[in-house]
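The values are calculated or read from the model by the stated rules, or taken from the named source; none is laboratory data. Model, not experiment: these values are computed from the prediction. So basically every Cβ, Gly included, is an ideal-geometry build from the backbone, and we count neighbours across all protein chains shown. Each accessible area value is taken on the protein alone, full model and side chains, heavy atoms only, with ligands, DNA and RNA left out. Shrake-Rupley method; radii C 1.70, N 1.55, O 1.52, S 1.80 Å.
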Amino acid sequence: MGCTIVSVVFDDLGQLRELVGEFGSNLKVIAKGMGVDLEQRGNAVHITRGDAPATERLLRDLERLISRGFPLTPSDVEHAIRLAKAHPEADLTQFFSDAILMGAGGRPIAARTPTQRRYVQALRESPIVFGVGPAGTGKTYLAMAMAVAALGKGEVRRIVLTRPAVEAGEKLGFLPGDLSEKIDPYLRPLFDALQDMMSGEKITKLLDKRVIEVAPLAFMRGRTLQDAYVILDEAQNTTVEQMKMFLTRLGEHSRMIITGDPTQIDLPRPRMSGLVHALRVLKDVPNIEVVRFQSSDVVRHPLVAAIIDAYSQFEDAGDTP
C-alpha cells in the first residue's frame, strides 16, 4: 500500500522558486525540521511522510510572506519552522511582516516570536521596560529598532545608548589609548546593531550632531534625559548604585529600556547585580514592564538555543566544572 501524498500547488512559479531555495536548500531544511519528506514537481510540492497539515500550513505562510515582498533567508526558514512547531496556532505572516522599520539593506526588522511581540508592545506602551533573558533573543536589537523608528517619527529628539564599560565597575584606565579607543570594544555591539538599521554615513552625521549618543554608563551620572530613547545594555553588570543612578535619569517624554541576562553576571562576589536588585525592588511599581525571554526566543543560529538549554540543565543539576 503506497504512502499518502499531499500536494501543495502554487500559482506563481517565481514565488515557488524562492520558497524552494537554490538547489532545493529551503525544502531540505523544512523537510528535516518538520520531519517530513518533500519533493517538488512542476508547480507543486508533495508531502509524503509526517505531519502534512502542519507542513502545508508552513509552506502557505512562507508563500504569503514572499508574495508580500519579504526577502526570505535560510535563517528565516529555520526560525519559521521553530515557531510553527512551538506555536501551531500562530500566523507566521504577522510575526514576519509586521515591521518595526526597514533596515539599511531594505530588510524589514520585526518581532519573530510571541515573547518578542509582547516586548515590542511593551516598548510602545511603557516608559520603562526591562528585557531579561539569554543572548540572541533580540532584547537589545529590537529596542534599538524601536528607538530608530521613534526618532524617525519625531517621537523623541535623540537616542542614548549605554552599557557598563567593563565588568564590575567601569575601570577604564588600564586600557591603552584615548577615551574613544578605550570604550570602543564595549560599545561596538551597539554600533553593529545601528549599522543594520541605517547607513554608516547617517550614523556618523547623527553622532556628530549628538542626536545619537553612545557612552559608558558612568557618563550618565548627574544628567536628566529628556525627549530621549535610552537603552542600557548588559545591565546584569551594573551595581545596585549604578542601576539606581541610571533609572533616576528618566526625564519628560523619554523611554528607558534595560536589557540583560542574570545568568551572565561578571561582578565580583558578593556584589549584587543592579539588574537582579531592580527586578525585586520595582516589581510592584506601575508603568514598569518586565518581559522575560527564554531559549525558545533565540533568533540567532538554532544551535545557540541548544547551547543555552544545555548550560541551564548542567547548572540546575548542580554540576560544577
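What the table below lists for this structure:
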read-out: Subset of segment 281-303 (residues that are open to solvent by less than 50 Å² (accessible area, probe 1.4 Å) and modelled with pLDDT under 70); value: P302
read-out: Test result for V36, closer than 30 Å to G103 by Cβ and either among the β-branched types (V, I, T) or modelled with pLDDT of 90 or more (or both); value: no
read-out: A111 vs. criteria modelled with pLDDT under 85, in contact with a Gly (Cβ under 9 Å, 6 or more places away or on another chain) and of a type outside the set (S, T, N, Q); value: yes
read-out: Top-ranked residue of segment 6-23 - restricted to ones that are open to solvent by less than 40 Å² (accessible area, probe 1.4 Å) and part of a loop (DSSP other than H, G, I, E, B), ranked as farthest from S75 (Cα to Cα); value: F10
read-out: Hey, G169 more than 30 Å from R271 (Cα to Cα), surrounded by 14 or more Cβ atoms within 10 Å (Cβ to Cβ), modelled with pLDDT under 85 and among the small types (G, A, S) or not; value: no
read-out: Residue that is farthest from the chain's Cα centre (by Cα) [pool: residues in segment 26-43 that are open to solvent by less than 50 Å² (accessible area, probe 1.4 Å) and either over 17 Å from S75 (Cα atoms) or in contact (Cβ under 8 Å) with a residue 60 or more places away in the chain (or both)]; value: L38
read-out: Residues of segment 214-231 classified as among the small types (G, A, S) and at pLDDT 85 or above, total; value: 1
read-out: Counted residues, segment 136-153 - those being charged (D, E, K, R) and surrounded by fewer than 24 Cβ atoms within 10 Å (Cβ to Cβ); value: 1
read-out: Evaluation of I128 against (1) touching a Pro at 6+ places or on another chain (Cβ under 7 Å); (2) at pLDDT 95 or above (one fails), failing number; value: (1)
read-out: Pair list, Cβ < 9 Å and 6+ apart or interchain, from segment 124-145 residues that are free of Cβ contacts under 8 Å to residues at least 60 places away in the same chain to residues that are among the aromatic types (F, W, Y); value: L142/Y119
read-out: Enumeration of residues in segment 28-37 that are closer than 25 Å to F95 by Cα and not in a helix (DSSP H, G or I); value: G35, V36
read-out: Odd one out for T259, checked against (1) of a type outside the set (F, W, Y); (2) touching a Pro at 6+ places or on another chain (Cβ under 8 Å); (3) crowded, with 22+ Cβ neighbours inside 10 Å; value: (2)
read-out: Enumeration of residues in segment 228-256 that are among the hydroxyl-bearing types (S, T, Y) and open to solvent by 60 Å² or more (accessible area, probe 1.4 Å); value: T248
read-out: All strands (runs of 3 or more DSSP E) inside segment 204-304 with 3 or more residues being of a type outside the set (V, I, T), under 20 Å from I159 (Cβ atoms) and under 22 Å from the mean Cα position of the chain (by Cα); value: 212-216, 228-232, 255-260
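Residue-wise test of (1) at pLDDT below 85; (2) open to solvent by less than 20 Å² (accessible area, probe 1.4 Å); (3) touching a Leu at 6+ places or on another chain (Cβ under 8 Å).
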{"site": "E155", "(1), (2), (3)": "no, no, no"}
{"site": "V160", "(1), (2), (3)": "no, yes, yes"}
{"site": "P164", "(1), (2), (3)": "yes, yes, yes"}
{"site": "F174", "(1), (2), (3)": "yes, no, no"}
{"site": "K182", "(1), (2), (3)": "yes, no, yes"}
{"site": "G200", "(1), (2), (3)": "yes, no, no"}
{"site": "I203", "(1), (2), (3)": "no, yes, yes"}
{"site": "R210", "(1), (2), (3)": "no, no, no"}
